[in-house]
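Q: Take this structure, written in structure tokens, and hold onto it; I'll ask about it next.
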Amino acid sequence: MTSEVDAVEASAPVRRTYSYLGPAGTFTEAALAQVPEARGHEWRSVRNVGEALADVVEGRSDAAMIAIENSVDGGVSTAQDALATVPGLRIVGEYLVPVEFVLVGRPGARLEDVSLIAAHPVAYAQCLQWLTASLPAHAHVPAASNVASAMSLLDGSSDADAAIAPPGILEHHELELLASNIGDNPHAVTRFVLVSRTVPPPPPTGADKTSLIVELPDDHPGALLEMLEQFATRGINLSLLASRPIGDELGRYRFVVDADGHLEDERMADALMGLRRFSPRVTFLGSYPRADRAVVRYPERYADDVFVEARDWLRGLISGEPELQD
Ligand SMILES: O=C(O)C(=O)Cc1ccccc1
């Protein structure tokens, strides 16, 4: 018999929590706003990527949104390293946010007086050409996020004269606009991933991406080529290949790989088994729909049914079935 309490609990909506690099107004928050399932749930603002991922691992949050790559400065190394070392995580979605930056100061500030600039290191790297040309003698104070940089001007926590921030900052805080569009590339885009605890991958959509971290076997000629062959010989295109130091000794690197396709695609499953045989350590970070929804193209000879037919043929040989000639 179900009690009244059970009935209420069964009908109560599930509350989920999402961690993101805050405070409100960051690009990471804009990425989280693209997740339909996150609407109406709790959004927890955190101060660094490690905290966001720890929230997920330790159960304070169901998922975390983190910046992973940008079109100007490449991979976000802190995020790549965290995904390589924190166990029990899966990427379940990918989101793109166009990024544009302004330089702001306290009310009344003037561009010619700016010397010390608060900025998130990734934002700083994306504005370096403008800064070098416009404020050649400036110094950089690292900030925890694109909004924390601007807030530090107002709450007295920084000596900086100016901050790099998203344009929307002016709608929420009383700040002086010192310069607009200071990003070095007007088409800069940042790629974010939504990370949850280990779950089965969402079903294949035909427009998916698989993220992996692969270590190479001990120094031998051609080890990197051998890793790449696992993909090339199965018709799999790579959209990201980045090396990150493992950290235990000089010259040891792990590779962050994004490959077109899904773990449930026969060619991807086969490539993963190839990697597993060859590499001392393969971390599967997830298969998830591509943000651009671009359908994955591959040569016809790597289609699922070609792998299935080859496997059936082999099974037939083992079980002694007569070979049919066509
Ligand atoms: O989400 C933000 O706003 C951040 O501070 C991280 C960041 C930095 C630079 C580009 C995109 C995201």
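Q: Note down all Cβ pairs under 6 Å where the first residue falls in region 154-169 and is under 15 Å from Pro23 (Cβ atoms) and part of a loop (DSSP other than H, G, I, E, B), the second is within 11 Å of the ligand (Cβ to nearest atom) and among the small types (Gly, Ala, Ser), and they're at least six residues apart or on different chains.
A: Partner pairs satisfying both residue conditions: Gly168/Gly25.
Q: Can I ask one more? Mind checking which pairs have a first residue in region 286-297 that is under 20 Å from Ile213 (Cα atoms) and a second that is open to solvent by less than 20 Å² (accessible area, probe 1.4 Å) and part of a loop (DSSP other than H, G, I, E, B), Cβ under 7 Å, 6 or more apart or different chains?
A: Sorted first by the residue in region 286-297, then by its partner, the pairs are Ser287/His262; Pro289/Ala207; Arg290/Ala207.
Q: Collect the residues in region 181-193 that are of a type outside the set (Val, Ile, Thr) and open to solvent by 10 Å² or more (accessible area, probe 1.4 Å), keeping them in residue-number order.
A: The answer is Asn181, Gly183, Asp184, Asn185, Pro186, His187, Arg191.
Q: Residues in region 140-153 that are buried (at least 22 other Cβ atoms within 10 Å of the Cβ) and away from the ligand (no atom under 12 Å from the Cβ): how many?
A: Residues flagged as buried (at least 22 other Cβ atoms within 10 Å of the Cβ) and away from the ligand (no atom under 12 Å from the Cβ) within region 140-153 amount to 1.
Q: Quick test of your reading of the structure: Asp292 fulfils all but one of (1) open to solvent by 80 Å² or more (accessible area, probe 1.4 Å); (2) at pLDDT 95 or above; (3) over 25 Å from the mean Cα position of the chain (by Cα). Name the failing condition by number.
A: Result: Asp292 passes all but (3).
Q: Right, something else. Of the residues in region 254-273, how many are open to solvent by less than 40 Å² (accessible area, probe 1.4 Å) and under 27 Å from Ser77 (Cβ atoms)?
A: 12
Q: Looking at Ala160, Ala137, which is the one that is small (Gly, Ala, Ser), surrounded by fewer than 13 Cβ atoms within 10 Å (Cβ to Cβ) and away from the ligand (no atom under 13 Å from the Cβ)?
A: One residue alone meets the criteria, Ala137.
Q: Would a scan of region 2-12 turn up a residue that is in contact with a helix residue (DSSP H, G or I) (Cβ under 9 Å, 6 or more places away or on another chain) and either of a type outside the set (Gly, Ala, Ser) or buried (at least 16 other Cβ atoms within 10 Å of the Cβ) (or both)?
A: Yes; the residues of region 2-12 include at least one that is in contact with a helix residue (DSSP H, G or I) (Cβ under 9 Å, 6 or more places away or on another chain) and either of a type outside the set (Gly, Ala, Ser) or buried (at least 16 other Cβ atoms within 10 Å of the Cβ) (or both).
Q: Please go through region 184-203 and give me each residue that is in a loop (DSSP other than H, G, I, E, B), touching a strand residue (DSSP E or B) at 6+ places or on another chain (Cβ under 9 Å) and within 15 Å of the ligand (Cβ to nearest atom), ordered by number.
A: His187, Ala188
Residue-by-condition table, conditions (1) in contact with a helix residue (DSSP H, G or I) (Cβ under 7 Å, 6 or more places away or on another chain); (2) within 27 Å of Ser71 (Cα to Cα):
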residue: Gly108; (1), (2): no, no
residue: Glu112; (1), (2): no, no
residue: Leu116; (1), (2): no, yes
residue: Ala123; (1), (2): yes, yes
residue: Cys127; (1), (2): no, yes
residue: Ala139; (1), (2): no, yes
residue: Pro142; (1), (2): yes, yes
residue: Ser158; (1), (2): yes, no
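Q: Within region 173-183, is there a residue that is modelled with pLDDT under 95 and touching a Pro at 6+ places or on another chain (Cβ under 7 Å)?
A: no
The values are calculated or read from the model by the stated rules, or taken from the named source; none is laboratory data. In this text the structure is predicted, and so the values were computed from the model without any measurement. Heads up, the Cβs are rebuilt from the backbone with ideal geometry, glycines too, and the neighbour counts pull from every protein chain shown. Surface areas here come from the heavy atoms of the whole protein model, side chains and all, with no ligands, DNA or RNA. Shrake-Rupley method; radii C 1.70, N 1.55, O 1.52, S 1.80 Å.
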